[in-house]
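Below you'll find the structure, written out as structure tokens, and then a few comments.
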Amino acid sequence: MKADELRLKFLEFFKNRGHAVVPSSPLVPDDPSVLLTTAGMQQFKPYYTGDADPMKDFGAKNTASVQKCFRASDIDEVGDASHLTFFEMLGNFSFGGYFKEDAIRWAHQFVTKELGLKIDYVTVFGGTDTAGQAIPSDTESERLWKEMDPALDVHVRGMDENFWGPTGKEGPCGPTTEIYVGGVEIWNIVFNEFFYHGTREELLAGAAGKTLKPLKTPGVDTGAGFERIAVAVQKKEHVFQTDLFASVTALLPRDLEERARRIIADHLRASAFLLADGVRPSNKEAGYVLRRILRRALAFEHMHEMPAGIFEDILTAVIRQYGGFYPELERERDAMLDAYRVERERFAHTLSAGIKELNRQGGTIDAKGGFHLYESYGLPYEVIREVGGERARGLTRDAFDAEFKKHQDKSREGAEKKFGGHGLILDTGELKAATEEEVKKVTRLHTATHLLQSALRKILDPDVRQMGSDITYMRTRFDFSFARKLTPEELKRVEDEVNDIIRADHPVTMKEMDYEDAVASGALYFFREKYPKRVKVYTVGTDDVFFSREFCGGPHVSRTGEIGEFRIKKEEAVASGVRRIRAVVEP
Ligand code: SER
């Protein structure tokens, strides 16, 4: 069975059992406290807590998805037979629909009947009284497995292994039951029964004053490792032998050592998915993760003197292979390849100089020397480890990261001194920015927000009204009056409308005028705001033909072309009759 068929088979199976099929959410989650999406349940968090209604959003209490995931914590491990940074997770979820019995029965049926795999054994949660409170053992799951197959081995395990979550600062959590095939866990069902106001570490340590609260509607969260299942179904030894990587590895030189081959394959595949979700190489957050993996791959290209253009062929092969299921890859093809070329070019300038400097330093490379190589020559930790060989053996990620952090703290201190100890240098209530760089980004997002409002009025309804907005350098959040969920087509049209105005590079001008004149000029104003007698009005376009005109204190870009690419990340309800759009500008 080809991997492509496997995805569809999974979705079809659960669709036939009352699940709404939901597309993967982007790798960059909407939740700013989490860097990248690491599990299928992340996009469904609010449905477990009752903060969102699955019937309203999906027309069902159960959903199924194939989720793109990225785990940066595994970067150092890539190169062996199993670790990956990017992977896909199959998931079926329930928010008050079904619980243990159906979840276990369907898992058993899908794995043994649909895929024809033999289960080695399963695990269930054995309970604990050491985590500051007693959690009973999951005897129900144990019984259900035994009923399903009396010959099945059921292993009972503790908190560390069979109790999942919470992710991030707090969240749903609960006991899990896992299926093992071919010696590895391929299927993990979490029975979300609790909510914990704290991190997983605090939960395991039994932190004082923090307790598990029962969730109003217990739920099911299944994560099945797609690559691992593909290995089992295709009867391979490891993931790099499956058809998921065949098109990539086929393009690499034959004599390349296996470890380098796997790292390049993983890192370029992961880079393609990050690029398609709008991540661009940078020194911060998701952009920094992308830079690290891309540059590590490029360091191999350089060291092995690979033919020029080979990586572009690989990226194109990834787009071709995965673009059918993940249309964003095809859609973003040109922008992705452009961004890749820019990064390659940028790195090419410093890589040779960096290697020269590394050789000049002599002796072993410590954290300080390592960070200097990063700061001055753009060599990330991974690259120093690869290029430095023996001499970099003693350099640990922890030491490097500590040096990195020291540097970041120093530049933050510098910024604070400059701006009188106030963490933010721009805070209008609507716009917030802490550094000059952030101010630039926020300004672009601000003008984009005006264009968004006018596009919504043009495409949805001229009565759409602003209900609130909040802009940080990461994104704009715009609330507006509208009765229902927007269709994907509408969102696309709104996005296109904004990008059309951006591309036409219209001027943005400001005029101060009397309040009444401003209203008469057709400028939009925010009904919650109290305005003075003289107001500022920002116009995009000319006095005769304008695309947006609003009461506003600024700041704005001076031409729309400066905004960059506008991209809607999410549309959701915030209250009855009020919708919220989150959007970003790139690069
Ligand atoms: N959230 C669980 C996991 O990531 C099951 O989906 O494994």
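The values are calculated or read from the model by the stated rules, or taken from the named source; none is laboratory data. This is a predicted model, so every value here is computed, not measured. Backbone-built Cβ (ideal geometry, glycine too); neighbour counts: all protein chains shown.
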request  = Determine which single condition residue 85 fails, assuming it passes every other condition in (1) over 16 Å from residue 219 (Cα atoms); (2) in contact with a helix residue (DSSP H, G or I) (Cβ under 6 Å, 6 or more places away or on another chain); (3) more than 16 Å from the ligand (Cβ to nearest atom).
outcome  = (3)
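Of everything in the stretch 301-321 that's assigned to a helix (DSSP H, G or I) and over 26 Å from the mean Cα position of the chain (by Cα), which residue is modelled with the lowest pLDDT?
Only one residue tops the list, namely 303.
When the residues of the stretch 526-550 are filtered to those that are assigned to a loop (DSSP other than H, G, I, E, B) and farther than 21 Å from residue 504 by Cα, which remaining residue is modelled with the highest pLDDT?
Within the stretch 526-550, the first condition is being assigned to a loop (DSSP other than H, G, I, E, B), and the residues that meet it are 526-533, 542-545.
With the extra rule that they be farther than 21 Å from residue 504 by Cα, the set shrinks to 526-533.
Details: 526: 76, 527: 66, 528: 61, 529: 67, 530: 71, 531: 77, 532: 79, 533: 82.
Ranking the candidates gives 533 first.
Considering only residues that are touching a helix residue (DSSP H, G or I) at 6+ places or on another chain (Cβ under 9 Å) and in a loop (DSSP other than H, G, I, E, B), look in the stretch 240-272 and name the one that is nearest to residue 188 (Cα to Cα).
Here is the first cut: in the stretch 240-272, the ones touching a helix residue (DSSP H, G or I) at 6+ places or on another chain (Cβ under 9 Å) are 240-253, 256, 258, 260-272.
When the remaining residues are screened for being in a loop (DSSP other than H, G, I, E, B), the result is 242, 250-253, 256.
Values: 242: 22, 250: 32, 251: 34, 252: 34, 253: 37, 256: 36 Å.
For the stretch 240-272, the residue satisfying everything is 242.
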query = When residue 356 is evaluated against the numbered criteria (1) touching a residue at least 24 places away in the same chain (Cβ under 8 Å); (2) more than 27 Å from residue 245 (Cα to Cα), which criterion, by number, is the only one it fails?
reply = (1)
Residue, surrounded by the fewest Cβ atoms within 10 Å (Cβ to Cβ), within the stretch 127-143, restricted to residues that are over 33 Å from the mean Cα position of the chain (by Cα) and at pLDDT 95 or above = 139
The stretch 73-82 - residue that is more than 15 Å from the ligand (Cβ to nearest atom) and over 15 Å from residue 230 (Cβ atoms) and, of those, surrounded by the fewest Cβ atoms within 10 Å (Cβ to Cβ) = 80
Test: residue in the stretch 273-295 that is outside any helix (DSSP H, G or I), buried (at least 18 other Cβ atoms within 10 Å of the Cβ) and aliphatic (A, V, I, L, M) = yes
request  = Select from the stretch 347-360 the residues that are surrounded by 16 or more Cβ atoms within 10 Å (Cβ to Cβ) and of a type outside the set (A, V, I, L, M) and list them in ascending order.
outcome  = 347, 350, 354, 357
ask   = Hey, any hits in the stretch 459-468 for a residue that's touching a residue at least 24 places away in the same chain (Cβ under 8 Å) and farther than 18 Å from residue 547 by Cα?
value = yes
task = Taking the residues in the stretch 15-56 that are of a type in the set (A, V, I, L, M, F, W, C), modelled with pLDDT of 95 or more and within 16 Å of the ligand (Cβ to nearest atom) as candidates, determine which candidate is surrounded by the most Cβ atoms within 10 Å (Cβ to Cβ).
result = 27
note = Taking the stretch 182-229 and the residues there that are out of contact with any Leu (no Cβ under 6 Å at 6 or more places or on another chain), among the hydrophobic types (A, V, I, L, M, F, W, C) and under 30 Å from residue 261 (Cα atoms), the one that is nearest to the ligand (Cβ to nearest atom) would be 187
message = Looking only at residues that are surrounded by fewer than 19 Cβ atoms within 10 Å (Cβ to Cβ) and among the β-branched types (Val, Ile, Thr) in the stretch 468-521, which one is modelled with the lowest pLDDT?
response = 519
inquiry  = I'm trying to understand the selection: among the residues of the stretch 144-168, which are away from the ligand (no atom under 16 Å from the Cβ) and surrounded by fewer than 19 Cβ atoms within 10 Å (Cβ to Cβ)?
reply    = 146, 147, 148, 149, 150, 151, 152, 153, 154, 155, 156, 158
ask   = So which helices (runs of 4 or more DSSP H) are wholly in the stretch 436-525 and hold at least 3 residues that are acidic (Asp, Glu)?
value = 436-459, 488-503
ask   = Only one of (1) within 16 Å of the ligand (Cβ to nearest atom); (2) outside any helix (DSSP H, G or I); (3) in contact (Cβ under 8 Å) with a residue 60 or more places away in the chain; (4) not β-branched (Val, Ile, Thr) fails for residue 237. Which number is that?
value = (1)
ask   = Quick check: anything in the stretch 103-111 free of Cβ contacts under 8 Å to residues at least 40 places away in the same chain and surrounded by 18 or more Cβ atoms within 10 Å (Cβ to Cβ)?
value = no
query = Hey, any hits in the stretch 57-71 for a residue that's surrounded by fewer than 23 Cβ atoms within 10 Å (Cβ to Cβ) and aromatic (Phe, Trp, Tyr)?
reply = yes
